[in-house]
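Bear in mind these aren't lab numbers, they're just calculated from the coordinates by the rules spelled out. Remember, predicted model here, so these are calculated numbers, not experimental data. Here Cβ is always computed from backbone atoms with ideal geometry, including for glycine, and neighbour counts include all displayed protein chains.
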There are 2 protein chains.
Amino acid sequence: MNKTLQSYLEDISGEIRKLPLDGEPGELYKPVSYCLENGGKRIRPLMTLLGCELLGGDVKRAMPPALGLELFHNFTLMHDDIMDGAPVRRGKPTIHKKWSINTAILSGDVLFALACRYISKVPDSALRSVLDLFHQTVTEVCEGQQYDMVFETKKDVSVDEYVRMIRLKTAVLPAACLKTGAILAGAREVEQQKLYRFGEYIGLAFQLRDDWLDVYSDSTEFGKQTGGDIISNKKTWLYIQALAMAGAKQKEFLLDAFNRPGSVDDNTGKVEAVKKVYDSLGIGELAQEQMKEYYSKAFGYLDIVCVPDSGKENLRELAKNLFDRKK
Amino acid sequence: MNKTLQSYLEDISGEIRKLPLDGEPGELYKPVSYCLENGGKRIRPLMTLLGCELLGGDVKRAMPPALGLELFHNFTLMHDDIMDGAPVRRGKPTIHKKWSINTAILSGDVLFALACRYISKVPDSALRSVLDLFHQTVTEVCEGQQYDMVFETKKDVSVDEYVRMIRLKTAVLPAACLKTGAILAGAREVEQQKLYRFGEYIGLAFQLRDDWLDVYSDSTEFGKQTGGDIISNKKTWLYIQALAMAGAKQKEFLLDAFNRPGSVDDNTGKVEAVKKVYDSLGIGELAQEQMKEYYSKAFGYLDIVCVPDSGKENLRELAKNLFDRKK
């Protein structure tokens, strides 16, 4: 009988509290504690445990690299928040706002080192595979973040380019988390790869849902103002798809609204006007369809993993939770 | 017959030119190429090769982790230059000046990932030891950089605290480079540790000489203005030692000169006045003595490495070059 998701999440939280973060100098380690205490859904380490569980491994062995992957994820948040100029994360000031940019750089670097240490806490027989996958993933996540920054000033981003970007920035990490679990279970490469693809498509769907929720969620449930991406001129899947389908006049309006600062001085009006264009093109429905396609591909890969179907319940539940989330 | 230092350095340069740095997006990888093409003395990878050579290992096997350690060193330069606000490195604009802070953060991160990849290119039998040492070293280097930043605004730094800082920031990396070579040679732990200590004391002496050269070098040979550390209020070994020995009046002058912006408005005058205090306390000679003590400890460890003395020539020559350097 497998443990419940909730029970695994409690294990993860317990282990995170035990991380050695009281080192000296405090100026270096306190921001790391702050970042990790600040919560997060812990989806990525959960995926590592579930990947290991699914393929019949000893889940305890998967915990240290699962933590390492969560540490790496938090490192990317620390540095990305500097680059994106984000003032708030999970309702609290970001590290570079609370302390300084220098602190966020260096505490991020030491967090990366800690991630590497935990990733390496695996049996010798798995070390090489786990590391190769991790180093490839880190490289790809950096590439994805760079594309994201390039897109901020690039006018003609295609839907394909956008998908490549979110694949690198967002999707390869859950993919790697799942595959790491599979490696630790001693699964064959072909089974590992199925879990990788499952995670990759879940990641793509997750990001698309994020883009969709920003515009179409019930703002009271979503917990933040709808249209935040529109106000901050973020080129989401919805915007890029709309631009690709828009007529000349709509295209001019969208380009103006997202690229000419001050072209719309009333944010509520801007969100409404952009939403109207999206609606007239059916962008919301298209996004939903694309999301479902990604989910369906993801589940296709999970279906063909060569283990009894009963063992797949936890991963199915996790994927369903991600799909049903309101924020 | 061992190769010459020059021949090893040529091997290293050749391998650095072959690194895969033409990836996409170019915005991410071009700054990495720029940083690595910009030279540097390549002392650290040379130490790895020489550590391996000394203990009878196959030097070719030590090349990938040697490159990894050089990549890591360059990563620290990229991020440190942001934190220190340094505009120039090796006579050319720093990454964050030529591009942007965001570029220097992210290209640094991907360079760190590349470093990890090369560090891991070692035989399975050595992988665990090499990684453990590397992760510990990365952590310590971050701690050292943090202490350095803390010291900028801390008035009462003791000589011991300063030495701990430079040990972490500067000395543990050459120590780890040498030990990595020893690990790859399959040397016993006790021999590895002798090389680690050798590198650590060489590193301490190196930093002290750096501090000394800033004040006492012949400025035409040194290639940069003497007294740069004094002008920028950098708390070097000389300053901290002088403060510890100074009388009340000298102490007040030094504290004022280094901590109160604008207390001296003429830089040439400031350098002369501080130098006068150093001279009256004999700080230059004290620094030289301390440096010699570190060198002597370093050579003491090299002397007791259990291999024929004739094999130690390359490491002795390298250490001598570092000691004789004028800049």
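Sparsely packed loop sites in the range B:77-106 (the trypsin sites (Lys or Arg not before Pro) outside DSSP H, G, I, E and B with at most 11 other Cβ atoms within 10 Å) comprise B:90.
Since only A:278, A:71, A:145 are under comparison, the one whose Cα sits farthest along the positive direction of the charge dipole of the protein assembly as shown, derived from C-beta charges on Lys, Arg, Asp and Glu, is A:71. Semi-axes of the equivalent ellipsoid of the protein assembly as shown are 48, 32, 22 Å, computed as sqrt(5λ) over the eigenvalues of the C-alpha gyration tensor in descending order. Checking the Cα-Cα distances for B:18/B:60; A:169/A:234; A:98/A:270; B:179/B:297; A:30/B:97; A:97/B:92 against a 22 Å cut-off, the pairs over it are A:98/A:270; A:30/B:97; A:97/B:92. Look at the dipole of the protein assembly as shown built from charges on Cβ: of A:39, B:100, B:299, the Cα furthest out on the positive end belongs to B:299. Under the convention that each Lys and Arg Cβ holds +1 and each Asp and Glu Cβ holds -1, the size of the dipole of the range A:207-295 around its Cα centre is about 260 debye. About its Cα centre, the dipole of the protein assembly as shown is roughly 200 debye, where the only charges are +1 on Lys and Arg Cβ and -1 on Asp and Glu Cβ.
Calculated FRET efficiency, residue A:325 to residue A:3, Cβ-Cβ distance, R0 = 22 Å: about 0.55 to the nearest 0.05. Going 7 Å from Cα along the Cα-Cβ axis for the label, what nanometre distances separate residue B:123 from the same residue across the other copies? So the label point of residue B:123 gives 2.4 nm to the other copies.
Determine the sum of side-chain charges near residue A:173: Lys and Arg each +1, Asp and Glu each -1, restricted to other residues whose C-beta is under 12 angstrom from that of residue A:173. Summing Lys/Arg as +1 and Asp/Glu as -1 gives +1.
Distances between copies at residue A:325, taken between label points 7 Å from Cα along the C-beta direction, are 4.9 nm in increasing order. Each copy carries residue A:37; placing its label point 7 Å along the C-beta direction from Cα gives inter-copy distances of 4.7 nm, listed from smallest up. Between the helical axis of A:248-259 and the dominant principal axis of chain A, each derived from Cα atoms, what acute angle in degrees is found, rounded to the nearest 10? Around 60 degrees separate the two axes. Each part reduced to its alpha carbon centroid, the range A:248-326 and the range A:1-59 end up 28 Å apart. Distance between the C-alpha centres of the range B:91-116 and the range B:156-222: 25 Å, rounded to the whole angstrom. Helix B:189-216 axis versus longest C-alpha principal axis of chain B: approximately 30°, rounded to the nearest ten.
Decide, for chain B, between rounded, prolate and oblate: order the square roots of the alpha carbon gyration tensor eigenvalues as a ≥ b ≥ c, take rounded if a/c falls under 1.5, and otherwise choose prolate if a/b is larger than b/c, else oblate. Cα axes put chain B in the oblate bin. Using only side-chain charges placed at the Cβ, +1 for Lys and Arg and -1 for Asp and Glu, the dipole size of chain A relative to its Cα centre rounds to 280 debye. Loop-located trypsin sites (Lys or Arg not before Pro) in the range B:99-151 (DSSP state not H, G, I, E or B) with no more than 15 neighbouring Cβ atoms inside 10 Å: B:121. For chain A, relative contact order (Cα pairs under 8 Å, six or more residues apart, normalised by length) works out to 19 percent.
Can you give me the angle between helix A:172-184 and the longest principal axis of chain A, using Cα atoms only, in degrees from 0 to 90, rounded to the nearest 10? On a 0 to 90 degree scale, this one is about 10.
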